[in-house]
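Participant: Sharing a structure with you now.
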Amino acid sequence: MSYIRDDVSAKRKVGMVLTYAVLILFAILAIAPLLWLALNSFKTSQDYQMNRLGLPKRFFWQNYTQAWQRGHFGIYIVNSIIYTAITTVAILALSFMSGFAFAKINNRNTKWMYGSYVVGILMTLQSIMIPLFIVINQVGLYDTKLGVLIPYIGIGLPMGIYLATEFMKSIPNALVESARLDGAHYGRIFLSIMAPMAAPVGVTIAILQISGTWNEFMLINMLTSSTKNKSLPVGIQSFAGSLSTDYGKLFASLMIGLIPMLVFYIIFRKEITKGVSAGAVKG
Amino acid sequence: MGSHASMYSASRITAHGEERRAFWIFVLPAFLIYLFVMAFPTFFAVFLSLTNYKGGALFGPKRKAVDIVGFQYYKQMFSDKYFWLALKNNMWIVFISVFGQIPLGFFMAYLIFRGMIRGKDFFQTVIYLPCVISTVVIGRLWKAITAPNGVLPDIIRLFNPAYVAGNSEHPMIAVLLVILWMYTGTYLIIFLANLQKIDTSVIEAAKIDGATEMQALRYIIFPALSGVIVTTAILAISGSLKSFDLIFVMTSGGPAKQTYVLSIYMYDTAFKGAPNYPLANAVSIVMCVISFALIGITKAVEKKFGGKE
């Protein structure tokens with residue numbers, strides 16, 4: 001009997017070791033290029049040309065200071081914060097408002113309006129980029145912050161409204177009805193009952209929105225042209241395009257782009273992965 | 001009695017009026033932005049694709065006349081070999097997603113779920129990491145790695161000293177490998193989240209009754225995940241239409257347009273050289289049609305498999 005059990009546990013141990021080995025291999029594959037980037041961002045360009053695989057000969061911090069100055073990264077980061085903050089706050093407010101109306105106020109228009117947002121979630125954004133560019137151009141918003149913010153808000157709304165509505169549907173109607181009987185207006189019910197109760201879904205919406213807006217490249221690359229309106233990803237792309245073989249500075253600028261999201265991810269990894277599985281399965 | 005009834009209905013009408021007003025106040029601001037940003041451009045694209053609009057003001061005093069020319073630009077698009085090359089490359093992305101990312105993501109999720117290992121969070125966090133970083137950073141990084149004077153040729157030379165780096169004959173391969181590297185973590189997360197909904201005691205009971213791991217996989221885990229597998233496949237197909245940033249940054253569709261996908265083809269048509277907006281919008285419409293067809297299929301599949309998950 002114990003003979004069999006030993007055999008089983010030995011088998012299990014081998015399986016366990018193999019499992020760890022495979023997973024560690026995948027983990028290394030996932031982060032090795034990023035570690036390589038971090039190391040090479042400290043090499044001088046000559047050092048990089050001679051020695052792309054090894055450690056830096058000495059840590060050349062000036063890549064960062066020079067990239068920061070020449071690349072206008074201070075401006076880009078401030079812009080990225082502006083775009084991300086305003087987009088996220090606007091989407092939270094508008095999604096909560098619409099979610100409240102769709103979930104708790106009877107109206108025969110709810111069905112088709114809500115349905116149109118659900119279609120919006122599934123729509124391929126790329127298919128409207130050219131007409132959107134023409135529309136923004138025609139109304140005179142090309143290369144303005146507003147001309148970036150309005151599309152960002154419009155594009156984030158479907159997902160935000162979907163999540164907010166589904167969450168608010170799960171809050172008991174009795175809460176709204178008894179407040180109505182006490183004579184409370186809808187505005188008051190929204191502000192003092194629904195919005196606080198829907199805070200958890202607000203966190204999910206905010207996290208999806210922050211990472212989405214911070215990394216957005218396609219639209220803002222098309223909609224802006226001047227340094228004062230570009231965000232971090234577009235700024236990196238144009239700075240990288242201006243360097244020919246100065247790899248040290250290129251890698252430093254990529255690190256400048258990588259670090260804020262990395263910190264955000266480390267802090268909110270649970271919420272982010274939760275949001276991914278909730279959002280993606282829907283899509 | 002009569003006055004009572006009329007008072008009641010009067011208060012009901014004002015309550016209804018307030019209800020309706022409140023509904024529109026809460027819903028309208030978002031809806032107007034949504035119409036302006038997403039709905040209008042979709043219909044506008046249909047219009048533009050049928051005209052000869054090549055830029056300039058569409059409204060106001062300096063307006064240029066725009067003529068409807070019918071399906072001329074669709075004909076031009078369907079007879080352009082680069083359109084078909086782009087479509088083919090989109091299909092390659094679908095292929096790598098369905099036969100690379102999904103099985104690999106499932107395999108890793110399954111190992112983490114069944115391996116009873118420590119550090120589940122660690123592996124999930126690390127493997128998903130490439131997905132949260134800006135595609136510009138990822139694209140530029142891989143461009144530097146795969147360049148003829150990059151580090152990848154150095155690594156290959158470690159194993160094959162005779163290797164000479166040059167421009168690849170199949171530049172899409174590098175793009176596909178980066179896509180595989182970057183996005184597999186998404187599928188890991190989706191599968192792991194759904195695996196964790198399976199009641200493990202059912203699997204344990206089956207194993208006590210003598211079922212092998214393969215049988216548990218075949219008869220318990222796969223059936224439980226059937227809906228998710230189909231949804232991820234559709235996600236992969238629609239995701240391929242969305243690929244733009246990474247390829248734009250890594251190759252800009254080059255060399256010699258060999259890594260064109262539909263969105264890059266459309267972008268170049270609109271912004272490279274003289275703008276050809278009708279043709280670009282025709283490409284938009286084709287992408288729209290494909291994505292709406294996918295929405296239809298998703299809905300049908302959801303119905304068939306019962307529920308969204």
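Participant: Can B:Lys272 be described as charged (D, E, K, R), touching a Phe, Trp or Tyr at 6+ places or on another chain (Cβ under 7 Å) and more than 12 Å from every other protein chain (Cβ to nearest Cβ)? Even if it seems obvious, please write down each step before you answer.
Facilitator: On the way: charged (D, E, K, R): yes; touching a Phe, Trp or Tyr at 6+ places or on another chain (Cβ under 7 Å): no; more than 12 Å from every other protein chain (Cβ to nearest Cβ): yes.
So B:Lys272 fails the test.
Participant: Let me ask you something else. Picking from A:Ile205, A:Ile171, A:Ile189, A:Ile236, which residue would you name as being assigned by TED's automatic domain parsing to the domain that holds A:Thr87 and in a loop (DSSP other than H, G, I, E, B)? Explain how you work it out, then say what you get.
Facilitator: Details: A:Ile205 fails: in a loop (DSSP other than H, G, I, E, B); A:Ile189 fails: in a loop (DSSP other than H, G, I, E, B); A:Ile236 fails: in a loop (DSSP other than H, G, I, E, B).
Of A:Ile205, A:Ile171, A:Ile189, A:Ile236, the one residue that is assigned by TED's automatic domain parsing to the domain that holds A:Thr87 and in a loop (DSSP other than H, G, I, E, B) is A:Ile171.
Participant: Checking the condition of a type in the set (A, V, I, L, M), more than 8 Å from chain A (Cβ to nearest Cβ), free of Cβ contacts under 8 Å to residues at least 40 places away in the same chain and within 26 Å of A:Glu216 (Cα to Cα), which residue from B:Val289, B:Val261 passes?
Facilitator: On the way: B:Val261 fails: free of Cβ contacts under 8 Å to residues at least 40 places away in the same chain.
On inspection, the qualifying residue turns out to be B:Val289.
Participant: Does the range B:74-117 hold any residues that are of a type in the set (Val, Ile, Thr) and more than 21 Å from B:Ile179 (Cα to Cα), and which are they? It would help to see each step written out before you state the result.
Facilitator: Our first condition is that a residue be of a type in the set (Val, Ile, Thr); within the range B:74-117, this holds for B:93-94, B:96, B:98, B:102, B:112, B:117.
Answer for the range B:74-117, where residues must be of a type in the set (Val, Ile, Thr) and more than 21 Å from B:Ile179 (Cα to Cα): B:Ile112, B:Ile117.
Participant: Just give me the residues in the range A:78-122 being in contact (Cβ under 8 Å) with a residue 24 or more places away in the chain and outside any helix (DSSP H, G or I), in sequence order.
Facilitator: If the condition is that a residue be in contact (Cβ under 8 Å) with a residue 24 or more places away in the chain and outside any helix (DSSP H, G or I), then A:Ile105 is the only one that fits.
Participant: Let me ask something additional. Which number in (1) without any contact (Cβ under 8 Å) to a residue 24 or more places away in the chain; (2) closer than 19 Å to A:Thr245 by Cα marks the one condition that A:Ala32 misses?
Facilitator: A:Ala32 satisfies every listed condition except (2).
Participant: In the range A:121-154, what residues are over 28 Å from B:Ile237 (Cα atoms), at the interface with chain B (Cβ under 7 Å from one of its Cβ atoms) and modelled with pLDDT of 95 or more?
Facilitator: A:Ile150
Participant: OK, next. Just to confirm my filter: which helices (runs of 4 or more DSSP H) fall fully inside the range B:203-309 and include at least 3 residues that are under 17 Å from the mean Cα position of the chain (by Cα) and surrounded by fewer than 16 Cβ atoms within 10 Å (Cβ to Cβ)? Outline the logic, then answer.
Facilitator: Working: elements: B:213-216, B:222-242, B:245-250, B:262-271, B:277-305.
Result: B:277-305.
Participant: Moving to a separate point now. Output the number of residues of the range B:15-73 satisfying the condition of being facing another protein chain (nearest Cβ under 7 Å), under 32 Å from the mean Cα position of the chain (by Cα) and closer than 30 Å to A:Arg180 by Cβ.
Facilitator: 7
Participant: While we're looking at this one, here's another question. Six or more apart or on different chains, Cβ under 6 Å: which pairs go from a residue in the range B:24-47 that's crowded, with 20+ Cβ neighbours inside 10 Å to one that's among the polar types (S, T, N, Q)? Could you list them?
Facilitator: If the second residue must be among the polar types (S, T, N, Q), the pairs left are B:Val27/A:Ser98; B:Ala30/A:Ser98; B:Ala45/B:Asn281; B:Ala45/B:Ser284.
Participant: Further question on the same structure: Mind listing just one residue for me: the one in the range B:178-202 that is without any contact (Cβ under 8 Å) to a residue 40 or more places away in the chain and assigned to a helix (DSSP H, G or I) and, of those, surrounded by the fewest Cβ atoms within 10 Å (Cβ to Cβ)?
Facilitator: So, considering only residues that are without any contact (Cβ under 8 Å) to a residue 40 or more places away in the chain and assigned to a helix (DSSP H, G or I), the one surrounded by the fewest Cβ atoms within 10 Å (Cβ to Cβ) is B:Ser201.
Participant: Out of all the residues in the range A:193-204, is one or more over 30 Å from B:Gly56 (Cβ atoms), among the polar types (S, T, N, Q), touching a residue at least 12 places away in the same chain (Cβ under 8 Å) and buried (at least 22 other Cβ atoms within 10 Å of the Cβ)? Talk me through it step by step, then tell me what you get.
Facilitator: We begin by selecting, within the range A:193-204, every residue over 30 Å from B:Gly56 (Cβ atoms); these are A:193-204.
Narrowing the set further to residues that are among the polar types (S, T, N, Q) leaves A:204.
Applying the additional criterion that residues be touching a residue at least 12 places away in the same chain (Cβ under 8 Å) yields A:204.
Those still in the list that are buried (at least 22 other Cβ atoms within 10 Å of the Cβ) too: none.
Checked the range A:193-204: no residue is over 30 Å from B:Gly56 (Cβ atoms), among the polar types (S, T, N, Q), touching a residue at least 12 places away in the same chain (Cβ under 8 Å) and buried (at least 22 other Cβ atoms within 10 Å of the Cβ).
Participant: When you check A:Asn173 against the structure, is it of a type outside the set (D, E, K, R) and more than 26 Å from the chain's Cα centre (by Cα), yes or no?
Facilitator: Values: of a type outside the set (D, E, K, R): yes; more than 26 Å from the chain's Cα centre (by Cα): yes.
Yes.
Participant: In the set B:Ala205, B:Ala174, B:Ala256, B:Ala270, which member is of a type in the set (Gly, Ala, Ser) and under 20 Å from B:Gln101 (Cβ atoms)? Don't jump to the end; show me each part of the working.
Facilitator: Values: B:Ala205 fails: under 20 Å from B:Gln101 (Cβ atoms); B:Ala256 fails: under 20 Å from B:Gln101 (Cβ atoms); B:Ala270 fails: under 20 Å from B:Gln101 (Cβ atoms).
The unique qualifying residue is B:Ala174.
Participant: I need the full set of residues from the range B:151-173 which are away from every other protein chain (no Cβ under 13 Å), assigned to a helix (DSSP H, G or I) and touching a Ser or Thr at 6+ places or on another chain (Cβ under 9 Å), in order please.
Facilitator: Correct list: B:Pro171, B:Met172.
Participant: Any chance the range B:168-177 includes a residue that's exposed (fewer than 15 other Cβ atoms within 10 Å of the Cβ), farther than 24 Å from A:Ile267 by Cα, of a type in the set (Val, Ile, Thr) and at pLDDT below 90?
Facilitator: Among the residues of the range B:168-177, not one is exposed (fewer than 15 other Cβ atoms within 10 Å of the Cβ), farther than 24 Å from A:Ile267 by Cα, of a type in the set (Val, Ile, Thr) and at pLDDT below 90, which makes the answer no.
Participant: Next question. Out of all the residues in the range A:96-108, which are modelled with pLDDT of 95 or more and at the interface with chain B (Cβ under 7 Å from one of its Cβ atoms)?
Facilitator: A:Met97, A:Ser98, A:Phe100, A:Ala101 - these are the residues of the range A:96-108 that are modelled with pLDDT of 95 or more and at the interface with chain B (Cβ under 7 Å from one of its Cβ atoms).
Participant: Sticking with this one: At least 3 residues that are closer than 23 Å to B:His170 by Cα in each: list the helices (runs of 4 or more DSSP H) lying fully within the range B:33-118 that qualify.
Facilitator: On the way: elements: B:40-49, B:72-78, B:81-96, B:102-114.
Correct list: B:81-96.
Participant: Does the range A:80-93 contain at least one residue that is farther than 30 Å from B:Thr184 by Cα and surrounded by 17 or more Cβ atoms within 10 Å (Cβ to Cβ)? Write out each step before concluding.
Facilitator: Going through the range A:80-93, the residues farther than 30 Å from B:Thr184 by Cα turn out to be A:82, A:86, A:89-90, A:93.
With the extra rule that they be surrounded by 17 or more Cβ atoms within 10 Å (Cβ to Cβ), the set shrinks to A:86, A:90.
Among the residues of the range A:80-93, at least one is farther than 30 Å from B:Thr184 by Cα and surrounded by 17 or more Cβ atoms within 10 Å (Cβ to Cβ), which makes the answer yes.
Participant: Enumerate the pairs (first residue in the range B:126-150 and within 7 Å of chain A (Cβ to nearest Cβ) and without any contact (Cβ under 8 Å) to a residue 24 or more places away in the chain; second residue anywhere and aromatic (Phe, Trp, Tyr) and surrounded by fewer than 22 Cβ atoms within 10 Å (Cβ to Cβ)) with beta-carbon separation below 9 Å, excluding pairs fewer than 6 apart on the same chain, so at least 6 apart or on different chains.
Facilitator: B:Val126/A:Phe26; B:Val132/A:Phe264; B:Val132/A:Tyr265; B:Ile133/A:Tyr265; B:Leu141/A:Trp36; B:Ile145/A:Trp36
Participant: Just to check your reading of the model, which residue among A:Ile105, A:Ile81, A:Ile136, A:Ile91 is over 30 Å from B:Phe43 (Cβ atoms) and in the same structural domain as A:Ile161 (by TED's automatic domain parsing)? Walk me through it before giving the result.
Facilitator: Working: A:Ile105 fails: over 30 Å from B:Phe43 (Cβ atoms); A:Ile136 fails: over 30 Å from B:Phe43 (Cβ atoms); A:Ile91 fails: over 30 Å from B:Phe43 (Cβ atoms).
One residue alone meets the criteria, A:Ile81.
Participant: Here's a follow-up. Going by what's in this entry, would A:Gly160 be described as touching a Phe, Trp or Tyr at 6+ places or on another chain (Cβ under 9 Å), in a helix (DSSP H, G or I) and within 17 Å of B:Leu32 (Cα to Cα)?
Facilitator: Values: touching a Phe, Trp or Tyr at 6+ places or on another chain (Cβ under 9 Å): yes; in a helix (DSSP H, G or I): yes; within 17 Å of B:Leu32 (Cα to Cα): yes.
Answer is yes for this residue.
Participant: Yes or no: B:Ala109 small (Gly, Ala, Ser) and surrounded by fewer than 20 Cβ atoms within 10 Å (Cβ to Cβ)?
Facilitator: Working: small (Gly, Ala, Ser): yes; surrounded by fewer than 20 Cβ atoms within 10 Å (Cβ to Cβ): no.
Criteria not met by B:Ala109.
Participant: Which residues, taken from the range A:221-232, are touching a residue at least 40 places away in the same chain (Cβ under 8 Å) and either closer than 29 Å to A:Thr44 by Cα or within 11 Å of chain B (Cβ to nearest Cβ) (or both)?
Facilitator: Within the range A:221-232, A:Met222, A:Thr227, A:Lys230, A:Ser231, A:Leu232 qualify.
The values are calculated or read from the model by the stated rules, or taken from the named source; none is laboratory data. These numbers were taken from a predicted model, which means no experiment stands behind them. Every residue, glycine as well, gets a Cβ built from its backbone with ideal geometry; the counts of neighbours run over all protein chains shown.
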